[in-house]
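Read the structure below first, then the notes.
The values are calculated or read from the model by the stated rules, or taken from the named source; none is laboratory data. All figures in this text were calculated on a predicted structure; none of them were measured in a lab. A quick note on method: Cβ atoms are made from the backbone with ideal geometry, for glycine too, and the neighbour counts reach across all protein chains shown. What goes into the accessible areas is simple: the full protein's heavy atoms, side chains included, and nothing from ligands, DNA or RNA. Shrake-Rupley method; radii C 1.70, N 1.55, O 1.52, S 1.80 Å.
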Amino acid sequence: MNVTAVKHYGGTTEGLFVANATAKQVRRWDFVRKEYVATCQTHENAISCMAVCAKKRLVASATAQGGEIGLFNLLHNTRSDLRSATHKSITCIDISAGHRSQVSVGSEDGLLQLFDASRSGNAPLRSFSHLHSAPLRGLAFHPSN
C-alpha cells in the first residue's frame, strides 16, 4: 500500500481518510469498527494529495498526472469532478471552510487554481499563473474567508 495522505476526520469516534496512490482510492477508516468502511474517491491516476473539511463533510483529492480533482460530499454521497489546466503533478489541495464548494489546488509548475464545484463545468474559476517560479508544496484558505 502506497499511502500518500492521512487526514483525521471528526472526533474520536469518527475515523481517518487514507489516500492510497497505488490503489488510486481514498478510503475511510472507522476507529470503532477498526476497518475500512467506505471508498469515497476513485481516480484514473495515482493520488498525490487530499484535503478534508469536517465542518462541511467534504473530501477532496487530486492526482499526480492528468489533472483529476474529485470533491466528495459525505452527506449526500455525491462527487463533483474537476479538471486542472496543468499538465504537471498537483501537489497540494485545500477546501474552503467559508465558501460552500470552493477548492484550491497548487502544482509542480507553480500554478495556483481556484475551483467552484457548484458552477456548471469542471474548469477553474480562476487561475493564478506566474506567481511562483517553484513548485507549490502547500496552500490554505483563511479560516474566515
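Of the residues making up the stretch 92-103, just one is open to solvent by 40 Å² or more (accessible area, probe 1.4 Å) and of a type in the set (Gly, Ala, Ser), namely GLY98. The sole residue among ARG100, ARG126, ARG119 that is modelled with pLDDT under 90 and more than 24 Å from TYR9 (Cβ to Cβ) is ARG119.
Only one entry in GLY106, GLY110 is open to solvent by less than 40 Å² (accessible area, probe 1.4 Å) and within 14 Å of the chain's Cα centre (by Cα), namely GLY106. The residue that is surrounded by the fewest Cβ atoms within 10 Å (Cβ to Cβ), counting only those in the stretch 5-45 that are part of a strand (DSSP E or B) and among the acidic types (Asp, Glu), is GLU35. Among the residues of the stretch 46-58, those identified as more than 22 Å from LEU136 (Cβ to Cβ) and either without any contact (Cβ under 8 Å) to a residue 40 or more places away in the chain or open to solvent by less than 70 Å² (accessible area, probe 1.4 Å) (or both) are ALA54, LYS56, ARG57. Just wondering, is there one or more residues in the stretch 65-80 that are basic (Lys, Arg), open to solvent by 10 Å² or more (accessible area, probe 1.4 Å) and touching a residue at least 40 places away in the same chain (Cβ under 8 Å)? Checked the stretch 65-80: no residue is basic (Lys, Arg), open to solvent by 10 Å² or more (accessible area, probe 1.4 Å) and touching a residue at least 40 places away in the same chain (Cβ under 8 Å).
Cβ separations smaller than 8 Å between residues 6+ apart or across chains give the following pairs from the stretch 123-134 residues that are at positive phi and open to solvent by 70 Å² or more (accessible area, probe 1.4 Å) to residues that are assigned to a loop (DSSP other than H, G, I, E, B) and at pLDDT 90 or above: HIS130/GLY110. For SER61, the conditions (1) without any contact (Cβ under 8 Å) to a residue 40 or more places away in the chain; (2) open to solvent by less than 10 Å² (accessible area, probe 1.4 Å); (3) hydroxyl-bearing (Ser, Thr, Tyr) all hold with the exception of (1). With respect to ASN45, determine if the residue is of a type outside the set (Phe, Trp, Tyr), over 21 Å from SER144 (Cβ atoms) and touching a Gly at 6+ places or on another chain (Cβ under 6 Å). Yes. Considering each residue of the stretch 77-88 in turn, none proves to be assigned to a strand (DSSP E or B), polar (S, T, N, Q) and at pLDDT 90 or above.
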